[in-house]
Structures are given as C-alpha cells and as structure tokens.
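Shown next, in structure tokens, is the structure this report addresses.
The values are calculated or read from the model by the stated rules, or taken from the named source; none is laboratory data. All figures in this text were calculated on a predicted structure; none of them were measured in a lab. Virtual Cβ from ideal backbone geometry, glycine too; neighbours counted across all protein chains shown.
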C-alpha cells in the first residue's frame, strides 16, 4: 500500500473540499430561480385560497392572481399609498406582494410608524371583492402565520388560511386543516357597536358567548389556539381603519 505524506493528504483534501463547495454553490445558484418561483406560487395559492379559490391549475395560478387581484399598500394611518394591478401601478411604486411582511409587522409591533402593510383586493368568480391581509404570530413551538379574507362589508370573514412551522401533528398542527379554517367563515371581527373585537377561540361555547365572534379552539392545542387568537387580534387591529373605510364605499 502506497504511503502518502501529510502534505499530500492536506493538499488533496483541500482541493476536494474546494471542488465540492464550488459544485454545491453552482447547484444552489442554478436552483434559486425555481425555488423563488415555488415560494411565489405557494404564497399566491394561500392568498387565493383564503378568498375562496380552490383547485387552481398550478400552471395558471400566477396569471389568475394577476387578473383578479389588486395589490394595495397602506401606511400606519391605513391610507392607501400604492395600488398595483396586472403589471401596472395606478399610483405609488411599492408592490404589496414584494413587502417583507415579517419586517413590517415587527416595525408595527414595536411602535415604528414607518411600517407599510399589504392588502390584496381579490375579486371572486361572482365578481365580489375580498380584502386579504396577512397575519403572523407565535404558536407552541414556533412561528405561525396565515391570511384572512374580509368581505366588502369590512367585517365578515370570507375565508382563512393558517400555516405553521413546527406545531404538533394532530394537535396544534390542526390549524392548517380545512376543518379549522372553515370554522372562521361568516364570523365577524366588529361588534354591533362597530368596536373591533376580532375572534376568540374558546374550548366550550357558553350561553354568554357571542358566537358571531367565536370559534372552537383545537382540542389538545391550547397554546397554539391562543397563538392564533393573539395573532389575529394583534395583526387585524392594525387594519381596522382600512376596514372601516371600505364599509363606507
């Protein structure tokens, strides 16, 4: 068996590691456009799903989104500062879709009034508008997030999509189920006095509960349910003036 010097082994190993690193970098760069497209399609799917679109052809989803969606950006006073539809700006220069939602919510939650939040005005197959807004929060084990579609009356939930990073399957992970999401449809986030109340998740409905503003919590997923409740309140309250404005239209 041939013996190699330590110097030879070191040089050989260094070259091998360098070659592997270059190859991995090349693969990563090559796959980046595909990964970006997949993230775009997934985000669009969630937005449209919350507004009632189902079983959309993946090859057509971007064109459908562009056709039925107007992207709005609102400031801390809920004034619309940008409007974008199908490749064109009606005014402003910021696409809602390109906003870093986590960064903007972080600003809002920490008192920075420079935040800009996205709104997706989605027209359904019947020609009615839903106003889809993102929400983000914390579950039991990590981040939870989603999209809430509000009807043109500015208070009724048309649909929801909830997602999670690491909630427990069969327990907190059930927030991503159709059964859980569908329980929010038709609920309202303002009471009869036009006060924002959001949605409460309750273990057992009682006679004192106003069922227009409550849904059943997930059995065995108390902390995740509380996370969803807090997430909806903390995020939707930032949009209340916007919702009040569309009520008046």
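Worth a mention:
- Unique match (being surrounded by fewer than 17 Cβ atoms within 10 Å (Cβ to Cβ) and in contact (Cβ under 8 Å) with a residue 60 or more places away in the chain) among 43, 77, 37: 77
- Residue match in region 96-119 (condition: part of a strand (DSSP E or B), more than 13 Å from the chain's Cα centre (by Cα) and either over 18 Å from residue 242 (Cα atoms) or in contact (Cβ under 8 Å) with a residue 24 or more places away in the chain (or both)): no
- Every listed requirement among (1) surrounded by 14 or more Cβ atoms within 10 Å (Cβ to Cβ); (2) touching a helix residue (DSSP H, G or I) at 6+ places or on another chain (Cβ under 9 Å); (3) outside any helix (DSSP H, G or I); (4) modelled with pLDDT under 95 is met by residue 52 save one, (2).
- Those residues of region 172-182 which are over 14 Å from residue 221 (Cα atoms) and surrounded by fewer than 17 Cβ atoms within 10 Å (Cβ to Cβ), in sequence order: 178, 179, 182
- Complete set of residues in region 144-171 that are within 13 Å of the chain's Cα centre (by Cα) and either part of a loop (DSSP other than H, G, I, E, B) or surrounded by fewer than 17 Cβ atoms within 10 Å (Cβ to Cβ) (or both): 163, 165
For every residue, the table says whether it meets (1) modelled with pLDDT of 75 or more; (2) in a helix (DSSP H, G or I); (3) in contact with a strand residue (DSSP E or B) (Cβ under 6 Å, 6 or more places away or on another chain).
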position	(1), (2), (3)
4	no, no, no
11	yes, yes, no
21	yes, yes, no
25	no, yes, no
33	no, yes, no
